[in-house]
Every structure is written in structure tokens, then in C-alpha cells.
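A.B. asks: Please read through the structure below; I'll follow up with questions.
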Amino acid sequence: MKAFHIAACLGLALVPLSCTKDAPELDDRAAVLAFANAIAGEEVFPLVEQLSALHLNDTPISNEGFPPAELFPSDQLTRTAAVGFVANAFAQMGYTADTVVLGSGPQVAYNVVAEYRGVLYPNEVVLVASHLDAFYGGADDNGSAVAAMLEIARAARHFRFARTIRFISFDLEEFGAVGSTRYIEAGHADDVTSAVVMDVIGYASSEPGSQDNAMGVNFPDVGDFLCVVGNQDTAELTQQVVALAHTSGLGKTVGVVAPGNGNYFLSSIFMRSDHGLLWYNNTPAIFFTDGANTRNPHYHLPSDLPETLDPQFLVRNTRIIAATVAIQAGIQP
Amino acid sequence: MSRTILIACLLFAAAQATAQTPMRWMPYVQQTGLYHSSEHVTSSGVGIGLGVALRAGEHFVAQTDCNIHWLNGNAATTRLAAGYVRSGTWAPAILGNVSLLWGGRTEVLLEDGRRPVSPVAVVGLRIAPLRFENDKGYVSALETGFALGPYKGRCLEVSILAVGIRL
């Protein structure tokens with residue numbers, strides 16, 4: 001009887017101990033916000049329009065080994081013109097752009113890279129990633145994120161950061177994160193200490209019922225927020241970003257924290273982009289998305305065009321992601 | 001408050017029952033499944049649990065157990081339950097229970113960046129329609145519990161098979 005009473009009392013005593021956990025304070029909030037607000041709103045959406053036009057006029061690459069399926073039009077994947085566009089954009093900003101060619105056979109990956117050197121810890125690299133391959137016009141998936149990354153890269157050159165920022169546009173994400181997997185497995189990410197990955201960030205809707213749930217995880221009913229996704233390694237960063245966006249008015253976010261490193265069966269939906277292998281390798285990474293097919297009815301369809309996006313939503317999201325980069329890279333006053 | 005009242009009632013009933021008749025202890029092991037979904041916390045998985053049941057009088061049963069579930073991180077539950085059991089070989093039971101959900105889960109942060117409450121306490125009912133008992137112990141299949149918790153949480157717990165041995 002005594003054992004039962006002890007167990008019962010212990011269980012009951014723990015009920016009132018249930019508590020929430022506050023977001024950690026940001027030390028350099030003013031500098032982080034200054035960088036976020038350096039994002040030029042008028043610069044972002046034209047990049048999406050240009051990228052989408054390039055994809056629509058490009059020749060699809062070989063889909064050998066990847067037969068088309070519903071929401072996977074593998075015979076419509078383009079990237080060649082986007083590789084040149086991103087490399088040229090980096091060069092125009094004053095970066096030395098590099099194209100890392102990986103793999104062989106019908107699907108060689110062309111990852112475009114540019115670095116901004118850190119002033120205190122240059123050997124510690126923060127990866128800022130988007131993928132440049134797209135089905136059809138790919139305005140949301142993934143012109144929106146490539147445009148955000150390029151605008152962050154442009155703004156970064158007016159600031160100093162403790163760590164090196166490596167901007168990268170991965171290739172062949174749509175064929176199963178092929179470009180990022182090859183990049184990581186070839187050892188190119190061995191110096192990466194953390195990562196900020198973005199994929200489909202430009203579609204919003206104010207209609208009730210416009211946002212679906214994902215694998216049992218309940219999202220708000222209206223799809224007008226940026227999803228900020230972390231795992232246990234980046235839980236505090238996810239909290240900081242959500243808190244900053246909430247208190248500063250940067251934009252509307254919903255933060256999600258996956259259990260462990262995120263690679264469990266029921267949380268695997270949150271690994272669906274180039275951060276997946278980083279999570280698997282226990283590299284801290286945070287992921288930004290508008291929810292893809294849980295929200296955007298044009299996902300992987302010919303109708304994924306710039307006119308379906310919300311330009312102001314995309315600008316707000318770019319600022320939130322810029323703030324995250326500033327936190328991770330250690331923006332200097 | 002309602003949670004505290006329910007717990008107090010369960011303990012009072014246990015005290016009344018155990019004061020009048022000899023008690024029978026039955027450690028048990030069970031295969032379990034859990035699905036808890038709320039606006040901010042999703043916990044789920046399948047796993048195993050260990051516990052101890054107390055039978056007192058003709059119709060009183062109380063249980064406490066610890067369970068671990070996999071599929072969405074390593075989630076653990078601690079549970080306290082008490083209720084009515086039919087006497088005889090076929091001994092179905094209905095119990096009120098309080099469970100605490102710990103460990104692995106997918107969280108949707110609160111609007112200001114706070115992480116949702118942990119552990120999550122849920123309160124509900126559990127039925128054991130296929131429970132059979134004799135003087136050596138008991139076997140119970142498909143015990144099913146439904147409970148409510150914070151953030152509009154709904155929790156389904158299933159004990160696929162539980163086997164207890166009378167001490």
C-alpha cells in the first residue's frame with residue numbers, strides 16, 4: 001500500500017509543476033533588427049519574377065530514374081538558367097561566386113556558393129540556403145526563397161558578422177535533396193556550425209481553412225504566417241525568432257519544434273528540404289517555409305506563378321529570415 | 001480545479017475500499033499506444049509500460065504505471081487511475097485516470113515564443129471491456145482511454161495487451 005501511495009502522491013505532486021519555458025533573451029536585438037530592416041522591400045519580388053520567367057523558358061533536365069507522379073512532375077524540372085542567374089547576381093553584389101559541381105550521370109548537381117567572411121570567427125560558417133531547381137515557373141517553390149537569400153546577401157555587405165556566412169543555392173532539391181546531400185557527403189559542409197534553410201516562403205492566404213495540419217500537428221486555420229521550424233538543437237533559436245517577430249512587428253510566425261533531431265517517423269514531414277541531412281547529422285539548422293502543399297494550391301503545378309504570391313508577405317518573411325541570419329552569424333555593432 | 005476534485009474523489013474511494021477488505025497487488029506489463037493532439041503539443045507512439053494494480057473489495061481497482069512510447073521522439077507517460085471492476089472471471093472495468101505526458105513531442109510554440117507546458121496533464125476515462133481475472137492475476141486486451149488536456153488537447157491511450165500477476 002505504501003508503494004502505491006508514494007507513486008500516487010508523486011504523480012499528483014508533479015501536476016502543478018507543469019510549466020512553460022520562455023524564449024531566451026537576445027543580447028544584440030537592436031543590431032539584429034537593424035539588419036532585418038536593411039532588407040529593401042522593392043528588391044525582392046522582381047527577383048521572383050525574373051527567376052520564374054527563366055524557369056518557364058528553360059529546358060527541363062533529364063528525369064531518368066525519377067518517373068513523374070502526382071505533385072512530382074519530374075519531366076518539368078529546370079535549373080540551368082537559374083544557376084547562371086544566381087551566380088551572376090552574387091557577382092554583381094561583389095561576391096566571388098563559385099559553382100560546386102557534384103555527381104555524375106544524367107543528374108549532375110550545380111550548387112552555387114558565395115561567402116561573406118566573418119570578422120571574429122571566420123572558420124565558423126553559417127550556411128544560408130535555398131534551392132534553385134523548380135518545377136514549371138516555380139515562383140513560390142522556390143523563386144521566393146532564392147530571392148530572399150539574394151536580398152539578404154545584398155544587405156549583408158553593409159554589415160559585419162562574427163562568423164562567415166555562406167550563401168548557397170542547392171540544386172536538385174526536388175529530386176530528394178540531391179544537391180545538398182552530395183554537398184554534405186563530399187565534406188563541403190564540415191565547417192558549417194549552423195544553418196538557415198528556406199523553401200517556399202511567398203504564399204499566404206487570409207481565407208479561413210486555407211492552412212492544413214501536417215502529420216497530426218495542428219496549425220492555425222488561416223495560412224497567413226511563416227512557419228519557423230527547429231529541432232531540439234535549434235529550439236531556443238526558434239523561440240528567439242518567434243519572440244522577436246512577435247514583439248518587433250516583423251511579421252506573423254508560427255514556431256514548430258520537432259522532437260530530438262527531428263528524424264522520427266511522425267516528425268519526418270518537417271525534414272522535407274535541404275536541412276534534412278543537417279538535422280540527421282546533428283548540425284543545428286532552422287527551416288523556414290509557408291507550408292508548401294499544406295497551404296499553397298499551386299504547389300508543383302504550372303500555376304505556381306508570381307501573381308499567386310503575396311509580395312508584402314515575402315518581404316516580411318525575408319526580414320524575419322535576415323534577423324535569424326544576423327543572430328546566427330553574430331552581427332557586430 | 002476539476003482535476004484536483006477528481007483525483008481527491010479517486011483517492012477517497014480507494015481509501016474507503018482498502019479500509020474494509022484485504023488488498024491484492026498485481027504488478028503488470030502492457031503494450032501501449034498513445035495519440036495526443038492539441039493546439040500546441042502532439043505526442044504519439046507505441047511502446048511498453050510497467051505498473052502496479054491494486055484490487056480491494058469486490059469492485060475497486062486502482063492502477064499506476066509508467067510507459068514509454070516511440071515514433072515521435074521518446075515520449076513517456078505516468079498514469080494514475082481508479083474505478084469500478086466487475087467481480088468474476090470476466091472482470092471489465094471502468095476507471096477515471098490522470099496521465100502526465102513527458103518527453104518527446106512536436107511543439108507549436110505559443111505566440112510569444114514560449115514553449116508549451118510540460119509535462120502535459122490529461123484527465124479522462126478508461127474502459128477495459130476484455131479484462132479477465134482469476135486468483136493468479138489478470139489479462140486485459142484493448143483497454144481504451146480518452147482524456148482531455150490543455151490547449152484543447154485530446155488524448156487517446158490504448159493498452160493493446162496487459163498482463164498482471166497477483167502477489
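A.B. asks: Out of B:VAL61, B:VAL108, I need the residue that is over 20 Å from B:LEU148 (Cβ atoms) and out of contact with any Cys (no Cβ under 9 Å at 6 or more places or on another chain). Which one? Write out each step before concluding.
C.D. replies: Details: B:VAL108 fails: over 20 Å from B:LEU148 (Cβ atoms).
Exactly one of B:VAL61, B:VAL108 is over 20 Å from B:LEU148 (Cβ atoms) and out of contact with any Cys (no Cβ under 9 Å at 6 or more places or on another chain), namely B:VAL61.
A.B. asks: Let me ask you something else. Strands (runs of 3 or more DSSP E) wholly in region A:67-172 with at least 3 residues that are of a type in the set (Val, Ile, Thr) - which ones? Even if it seems obvious, please write down each step before you answer.
C.D. replies: Working: elements: A:98-102, A:109-116, A:121-131, A:163-170.
In region A:67-172, A:98-102, A:121-131, A:163-170 are the strands (runs of 3 or more DSSP E) which contain 3 or more residues that are of a type in the set (Val, Ile, Thr).
For every residue, the table says whether it meets (1) buried (at least 19 other Cβ atoms within 10 Å of the Cβ); (2) touching a Pro at 6+ places or on another chain (Cβ under 9 Å); (3) at pLDDT 95 or above; (4) within 14 Å of another protein chain (Cβ to nearest Cβ).
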position	(1), (2), (3), (4)
A:GLY11	yes, no, no, yes
A:LYS21	no, yes, no, yes
A:ASN37	no, no, yes, no
A:PRO73	no, yes, yes, no
A:LEU77	yes, yes, yes, no
A:GLY84	no, no, yes, no
A:ASP98	no, no, yes, no
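Yes/no per residue for (1) on the phi < 0 side of the Ramachandran plot; (2) more than 13 Å from every other protein chain (Cβ to nearest Cβ); (3) in contact with a Lys or Arg (Cβ under 6 Å, 6 or more places away or on another chain); (4) buried (at least 23 other Cβ atoms within 10 Å of the Cβ):
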{"site": "A:ASN261", "(1), (2), (3), (4)": "yes, no, no, no"}
{"site": "A:ASP274", "(1), (2), (3), (4)": "yes, yes, no, yes"}
{"site": "A:ILE286", "(1), (2), (3), (4)": "yes, no, no, yes"}
{"site": "A:VAL325", "(1), (2), (3), (4)": "yes, yes, no, yes"}
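A.B. asks: Within region B:89-101, track down each residue that is surrounded by fewer than 22 Cβ atoms within 10 Å (Cβ to Cβ) and β-branched (Val, Ile, Thr).
C.D. replies: Once the filter is applied, which keeps residues that are surrounded by fewer than 22 Cβ atoms within 10 Å (Cβ to Cβ) and β-branched (Val, Ile, Thr), region B:89-101 yields B:THR89, B:ILE94.
A.B. asks: Do you know which of the residues in region A:39-52 that are aliphatic (A, V, I, L, M) and more than 13 Å from A:SER144 (Cα to Cα) is farthest from the chain's Cα centre (by Cα)?
C.D. replies: Per the stated criteria, the residue is A:ALA40.
A.B. asks: Also, quick follow-up: Run down B:GLY149, B:GLY145, B:GLY113, B:GLY104 and say which single residue is touching a helix residue (DSSP H, G or I) at 6+ places or on another chain (Cβ under 6 Å), surrounded by 22 or more Cβ atoms within 10 Å (Cβ to Cβ) and not hydroxyl-bearing (Ser, Thr, Tyr).
C.D. replies: B:GLY113
A.B. asks: Next up: Look through A:THR193, A:THR247 and report the one residue that is among the polar types (S, T, N, Q), out of contact with any Pro (no Cβ under 7 Å at 6 or more places or on another chain), in a strand (DSSP E or B) and surrounded by fewer than 22 Cβ atoms within 10 Å (Cβ to Cβ). Steps first, answer last, please.
C.D. replies: Numbers: A:THR247 fails: in a strand (DSSP E or B).
Answer to the check: A:THR193.
A.B. asks: Further, regarding this structure: Determine which member of the set B:THR106, B:THR77, B:THR89 is within 9 Å of chain A (Cβ to nearest Cβ) and touching a residue at least 12 places away in the same chain (Cβ under 8 Å).
C.D. replies: Values: B:THR77 fails: within 9 Å of chain A (Cβ to nearest Cβ); B:THR89 fails: within 9 Å of chain A (Cβ to nearest Cβ).
Criteria check complete, one pass: B:THR106.
A.B. asks: Another one. Is it the case that region B:34-48 has a residue that's within 11 Å of another protein chain (Cβ to nearest Cβ), surrounded by fewer than 18 Cβ atoms within 10 Å (Cβ to Cβ) and closer than 23 Å to B:LYS152 by Cβ?
C.D. replies: Within region B:34-48 (the criterion being within 11 Å of another protein chain (Cβ to nearest Cβ), surrounded by fewer than 18 Cβ atoms within 10 Å (Cβ to Cβ) and closer than 23 Å to B:LYS152 by Cβ), the answer is yes, since at least one residue qualifies.
The values are calculated or read from the model by the stated rules, or taken from the named source; none is laboratory data. From a predicted model like this one, the values you see are computed outputs, not experimental measurements. Cβ: placed from backbone, ideal geometry, glycine included. Neighbour counts: every protein chain shown.
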